[in-house]
Amino acid sequence: MNIQEAFNTAATDYDNLRSILIPCFDDFYKTAVEIIPGKRTTPLKVLDLGAGTGLFSGMVQAMFPNAEFTLLDLAGEMLEKAKSRFSKMGKSPKILIGNYAEANLGGSYDLVISALSIHHLCDADKERLDQRIYNVLNPGGMFVNADQVLGKTPNLEKLYRQNWLDSVRALGISEEALKAAQKRMEYDRMATLDIQLSWLEAAGFEDVDCWYKNFSFAVFGGYRPTNP
């Protein structure tokens, strides 16, 4: 099974388990949405990389009702869930099935977002993606990445993993769901927060920051300068 098949298989129950598999779910996503600047009536053009079922982009759409979305993901069955989510809000996002590490991202956008996806890329692809995101953003545009990061030392990474395991078990996850999640985690290629912030700065982003962090869960990103 490859990563595309793994997430297509998970599509049916994916959203139901999010609040368990992400123990800090509320604060994590709340921060990721609230950090986005601008008036709520602003007609943003938004690209969601690894959009999945549209969980994150749906939250952003609810906050910015005039935003227009492009959802890009490998897993077509996940994107079907996203279409249904947006349809209930009376919206029809542009749907693209493909690997964003290679696919043409199009452009240009006022906002690029991603949630729990980019950590599946190897480090070289993450770094290249940061530059490609920068290139498709309009001046003043923002990139928000709500993702998982690697502990900067082996001891910290061990702490992160154990905390996650203890937390999801305390929240009542079934052993079947836990095993399925751990199977998907085999595709993780996480990098430390520090190195990812440095890649963003090297790509040209300004005001690069981490706005939220809870063990491995972090919300970070930056802005394309208004003036070159």
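The values are calculated or read from the model by the stated rules, or taken from the named source; none is laboratory data. Bear in mind that the values here come from a model prediction, so they are computed numbers and not experimental data. Counting neighbours? That spans all protein chains shown, and the Cβs are built from the backbone with ideal geometry, glycine included. Calculation scope for accessible area: heavy atoms of the full protein, side chains included, ligands and nucleic acids excluded. Shrake-Rupley method; radii C 1.70, N 1.55, O 1.52, S 1.80 Å.
At a glance:
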| read-out | value |
| --- | --- |
| Amide H within-cut-off set for Thr192, under 5 Å, with H built and near neighbours excluded | Leu150 |
| Probe 1.4 Å, protein heavy atoms only - accessible area per residue of the stretch 166-220 in square angstrom | 51 Å² |
| Rounded accessible area per residue of the stretch 58-142, 1.4 Å, Å² | 44 Å² |
| Dipole of the stretch 81-204, positive direction: furthest Cα of Ile97, Val112, Gln131, with charges on the beta-carbon | Ile97 |
| DSSP-defined antiparallel bridges as percent of all bridges, the chain, nearest 5 | 40 percent |
| Charge dipole magnitude, Cβ of K and R +1, D and E -1 - the chain, Cα centre, debye nearest 20 | 480 debye |
| Ranked packing of 68-79, 153-164, most packed first, by mean Cβ within 10 Å | 68-79, 153-164 |
| ³J(HN,Hα), Karplus 6.51/-1.76/1.60, whole Hz, each residue of the stretch 136-143, x for Gly, Pro | 9, 7, 5, x, x, x, 10, 10 |
